[in-house]
Amino acid sequence: LQQIATLLQNALAGGEEIAIFEHIKGFLCPEEGYALMLLSALGPGPGEVVEIGSYLGKSTSYMAMGLKARKEGVVYAVDHFGGSPEHQKGQRHEEEVLAREGTLLEQFKRNIELNELQDHVQPVVSDSLSAGRHWNKPIRLLFIDGDHSYDSTKADFQMWERHITVNGYIAFHDVGDSWIGVTTFFNELLAEGRYSLRLAVGSLRVVQKKE
Ligand SMILES: C[S@@+](CC[C@H](N)C(=O)[O-])C[C@H]1O[C@@H](n2cnc3c(N)ncnc32)[C@H](O)[C@@H]1O
């Protein structure tokens, strides 16, 4: 808590800047973003920071900002940048960048560069499961925010969680609201007992792997 307070104090006193990412379109509220930023800055290591589902870089930026404060590491931003089913033409969160450019990737890169965070972001342009098959490093913080169906959330978890360090964190977005698939899987995970709930902010839920 002391470390978190110091980081925020420094930012407010004009020291290490905490950028405002409101110009980046996304689905995180600032409180959720700051929670991710602090986990990325102060969470126990060693291990990598991986995000499944980066969209236009909002959550990526918060976590990258945390790594910038920590003065080490990159966010591995795993996304095929083709959008989820709800971002496609005619769907409920139709994305104009996708319609215009055919991919989210170039706007994602522009957003990251605008905040000068490119040294702390490594895009992994791939389907989550394909990238996961080739992954071989320990992970201290995994943020799962890709396809929100039950089957995909479960598949993402099962593919990546084997790399989570003891005491490492997994964050899920869109738990407890209208995303039934994510919420159902998350409740099953908690009931299973291998992870403890550590943080609930908005629809962000953070669990920690037990010893
Ligand atoms: C809800 S958005 C992520 C929002 C982002 N985390 C933010 O806070 O702004 C979901 C993203 O997951 C990506 N996605 C969906 N299914 C995927 C898959 N199977 N593999 C990789 N990325 C996927 C989509 O392209 C989309 O960009």
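The values are calculated or read from the model by the stated rules, or taken from the named source; none is laboratory data. Just so we're clear, the structure is a prediction, and the values are computed from it rather than from any experiment. Here the Cβ is made from the backbone with ideal geometry for all residues, glycine too, and neighbour counts use every protein chain on show.
See the values below:
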item	result
Sole residue being more than 23 Å from residue 66 (Cα to Cα) and either in a strand (DSSP E or B) or in contact with a Leu (Cβ under 8 Å, 6 or more places away or on another chain) (or both), chosen from 131, 191, 171, 155	155
Hits in the range 62-100 (condition: at positive phi and of a type in the set (Lys, Arg))	71
Every pair of residues 6+ apart whose Cβ atoms lie under 7 Å, when the first sits in the range 169-190 and is at pLDDT below 95 while the second is more than 14 Å from the ligand (Cβ to nearest atom) and of a type outside the set (Phe, Trp, Tyr)	176/183
Pair list, Cβ under 6 Å, 6 or more apart: the range 77-100 residue more than 15 Å from residue 145 (Cβ to Cβ), other residue polar (S, T, N, Q)	97/107
Qualifying residues in the range 69-83 (those that are under 18 Å from residue 46 (Cα atoms) and surrounded by fewer than 24 Cβ atoms within 10 Å (Cβ to Cβ)) - the one nearest to the ligand (Cβ to nearest atom)	76
Search result, residues across the range 134-152 that are within 12 Å of the ligand (Cβ to nearest atom) and part of a helix (DSSP H, G or I)	151, 152
